[in-house]
Structures are given as C-alpha cells and as structure tokens.
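First up is the structure itself, then whatever we jot down about it.
Laboratory data are not the source of any read-out in this text; all were calculated from the coordinates shown. Predicted model only: the values in this text are computed from it and were never measured. Neighbour counts are summed over all protein chains in view; Cβ atoms, including those assigned to glycine, are modelled from backbone coordinates with ideal geometry.
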Amino acid sequence: MQYNDRWKKLRKIMHSILNNRQTEVYKPFQDLESRQLLHDYLQTPKEWYTANGRFANSVIMSVVFGRRSILGDPATAELFRTMEDFLRETQPGANMVDAYPVLNGLPRFLQWWRHRGEEIFRRTRACYKREVDLIKAKQTAGTQKDCFTVEFLKQCEKEKDLDETARLFALGSLMEAGSDTSKVSICQIIAGACTYPDWVPRARKELDAVCVVKEGFRWRPNIAEIGAPTVLIKDDEYEGYKFPAGTVFTWNAWAIALNPNEYEEPERFWPERFLNADLRNPLKGHYAFGPGRRVCSGWNVGECNVFIAIARLLYCFDFEEVKGQPIDTMTIPQFTGGKDPFKLNIKVRSEAHARLIERECSAAVTHEY
C-alpha cells in the first residue's frame with residue numbers, strides 16, 4: 001500500500017487499538033491466556049507450539065473480536081495458514097514481478113503469478129469475513145460483547161472511502177500482527193533455553209525477564225531474513241549514491257542481529273547484554289518490529305505477550321533438546337504448516353509447580369465471556 005491518506009487512516013486505526021495507552025486493556029487477557037498456556041504445556045506438552053499460537057491469537061482475538069481461541073480450533077489454524085501464505089509471498093524471489101514491475105504490463109492471462117495471488121487473496125478475505133459475519137450474527141441475537149470491531153464497524157459507516165475489503169484487511173492485519181510474531185518469538189526463546197541453558201537459572205534467580213525477551217528478539221529475528229521491504233516516496237541520496245522515488249529498500253535483519261561489531265558473542269543467547277540504560281526501551285537494540293516510521297504498530301502488545309508467557313513458562317518448566325536430535329537454531333523453519341519447528345523435552349520443574357498450575361490455571365481453560 002502506498003504512503004497516502006488511506007494508509008494514514010488505516011495506520012491511525014491500528015494505532016488506536018495497539019498503542020501504549022491500551023496496555024491496561026490487554027493485561028487481563030494476557031493474564032488469562034498465559035494461565036491457559038501453562039495448563040496446556042502441563043497437560044499436552046506435545047502440542048506446545050500449537051499452544052503458543054493459541055495463546056498469542058487469543059489475546060488479540062479477545063480484544064478485537066470479543067472471543068477466545070480454542071486449542072485445535074480449525075479457524076485459528078486457518079488464520080495461521082493465511083499468515084504463512086502471505087509471508088511466503090514476501091520472500092526474496094517468490095515473485096519475479098516484485099523485482100521487475102514491468103511484468104505487470106503483460107496481458108493478464110500471461111501473468112503466471114496472478115492466479116496464485118488471487119487465490120490467496122480470496123482465501124484470506126474469506127477467513128477475515130467469517131469473523132466479522134460472526135460478530136454481526138451475535139449482534140442480531142443480542143449476545144455480542146463490546147469489542148474493538150463493534151466500534152470499528154460503527155466508525156466505518158462514516159468513512160465512505162473504506163470499502164468492505166479495506167475494512168476486513170484492517171481487522172485481519174490486527175489478528176495476524178498480534179499472533180504470528182509472538183508465537184515465533186516464544187519458540188525462539190525456548191530454543192535458546194535448550195541450546196544455551198546456562199542463562200535459565202540466572203533468569204529465574206536474578207535477571208529481569210525484559211532482557212530475556214529483548215535477547216530473544218535479537219538472537220533470531222522473528223521477521224523474514226531481509227526484513228519488510230519499503231519504497232521511497234521521493235528521490236533521495238545516501239553517501240553519494242542517488243536513489244529515485246520508487247526504489248525498494250530493505251535490510252538484512254539476521255546479518256545485523258549477528259554482527260560481532262554490534263554485539264559481543266552474537267551467536268550466544270546471552271540476556272545480560274541488555275542489562276543497560278536502554279533496558280526499558282523495548283525497541284532499542286534490535287529490529288524485531290522493524291525500523292523507522294513503519295515500525296510495527298503492535299510492538300507494545302507483542303512485547304508484553306512474550307514477556308508474560310516467557311516469565312511464567314521459565315518459572316514452571318524445564319526445556320531440553322531431545323537426545324540425538326539437536327536443534328539447529330539457524331534453520332528453524334519460518335513456515336511449518338502447523339507442525340512443530342523442532343523437537344524438545346518439556347518437564348514441569350516439580351510436583352509443587354504442577355500443583356500450582358492446576359490450582360491457579362485450570363479455571364482459565366473453561367473461562368468464557
């Protein structure tokens with residue numbers, strides 16, 4: 001989408017639901033869903049990766065759509081499939097037309113990429129529309145609770161330049177932004193606990209969980225290796241090089257994150273590197289949420305999601321590599337098709353921890369609103 005009035009309007013919508021002032025709105029949902037996350041790890045540890053996704057998705061679904069996500073819910077699984085579809089299409093070389101826009105001049109029947117793109121679009125749009133239709137049905141029945149979408153749809157009646165598709169993808173972007181990155185970051189930190197376990201006892205005893213989360217964001221970025229491409233809206237110059245408007249720019253996220261000139265022992269998962277004056281600045285020291293003005297609108301929600309999940313998981317569980325199946329953290333797949341990205345052993349730390357989870361977290365599984 002071009003940087004224009006429509007983009008600004010949609011960005012404003014995103015910011016209104018994801019900004020720092022909304023922190024208190026999310027806290028009860030993050031508390032509830034992280035409790036169920038612990039219970040899911042205790043009862044069904046083999047479904048740990050799916051549980052991560054349900055946790056992250058349910059927080060944003062509760063705020064935006066007024067309903068929780070259920071472990072194994074086909075609708076949640078479909079949402080994550082649409083996210084993987086989108087991310088695959090943003091990978092380098094996925095679509096030649098992105099590198100050579102002149103191909104757009106071909107007759108439509110010769111645009112070999114178009115059929116795939118339109119099919120992904122239809123499937124994704126249907127996924128988003130299903131959620132909105134469910135809200136409208138509940139409104140008719142008088143059972144829909146207040147949520148962001150209810151208010152958003154009211155506002156859209158006054159915004160005639162936002163058609164149904166723009167509205168659906170605005171809501172869908174909230175669903176996806178609040179789900180996938182948190183799921184992946186939790187996974188990466190768990191991989192860090194398995195492959196560099198020395199920091200885990202220190203984290204439980206004395207480290208601020210914030211530095212663990214920031215290290216997770218840095219150590220293995222949760223975005224594509226080349227970041228999210230952006231386009232110049234006007235001519236620019238840098239160190240004598242001139243770039244015309246329309247030039248696509250990106251950054252090598254992993255090379256930056258693992259640059260020894262920027263980070264001491266960059267391959268090591270070492271949370272203490274962030275015990276500095278910038279500890280309380282979640283965006284300082286990594287590019288997990290992107291750089292500049294287009295930084296992810298949901299960075300605050302994502303950081304808080306990962307913080308509460310990791311703090312509680314590390315307190316209650318031990319994580320170990322499976323003997324004979326070491327985790328190659330440089331090749332953890334970004335696209336898993338719903339499968340676990342790697343094998344690991346999950347053990348509750350003690351019977352006392354198990355009783356604590358049963359006592360404090362069981363009710364979260366059946367909670368409804």
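Using a ≥ b ≥ c from the Cα gyration tensor of segment 126-266 (square roots of the eigenvalues), is it rounded, prolate or oblate, where a/c under 1.5 gives rounded and otherwise the larger of a/b and b/c decides, a/b for prolate? Oblate shape, in that a/c is at least 1.5 and b/c is the bigger or equal ratio. Working from label points 7 Å from Cα in the Cα-to-Cβ sense, the Lys234 to Lys145 distance is 4.7 nm. Sorted ascending by nearby beta carbons within 10 Å, beginning with the fewest, Arg294, Arg21 become Arg21, Arg294. The ranking of Ile310, Ile60 by Cβ neighbour count inside 10 Å, starting from the fewest, reads Ile310, Ile60.
Along each principal axis, taking the top coordinate minus the bottom one, the Cα set of segment 1-140 gives 54, 39, 33 Å in descending order.
Over segment 17-79, the alpha carbon radius of gyration divided by the compact-protein estimate 2.2 N^0.38 Å works out to 1.13.
According to the Cα-based calculation, Rg over Rh for segment 85-171 is 1.12, with Rh computed by the Kirkwood formula. With contributions of -39500 (n - 2.57) from each DSSP H run of at least four residues, the per-residue ellipticity at 222 nm computed over the chain stands at -17000 deg cm²/dmol.
Note on Asp278/Leu87: beta-carbon distance plugged into 1/(1 + (r/R0)^6) with R0 of 35 Å gives a FRET efficiency of 0.75. Taking a ≥ b ≥ c as the square roots of the eigenvalues of the Cα gyration tensor, segment 68-108 is classed as prolate, since a/c reaches at least 1.5 and a/b is larger than b/c.
Ordered by the count of other Cβ atoms within 10 Å of each Cβ, fewest first, Arg218, Arg130 give Arg130, Arg218. Using the Cα gyration tensor of the chain, with a ≥ b ≥ c the square roots of its eigenvalues, what is the shape: rounded (a/c below 1.5), prolate (a/b larger than b/c) or oblate (neither)? The shape class here is oblate.
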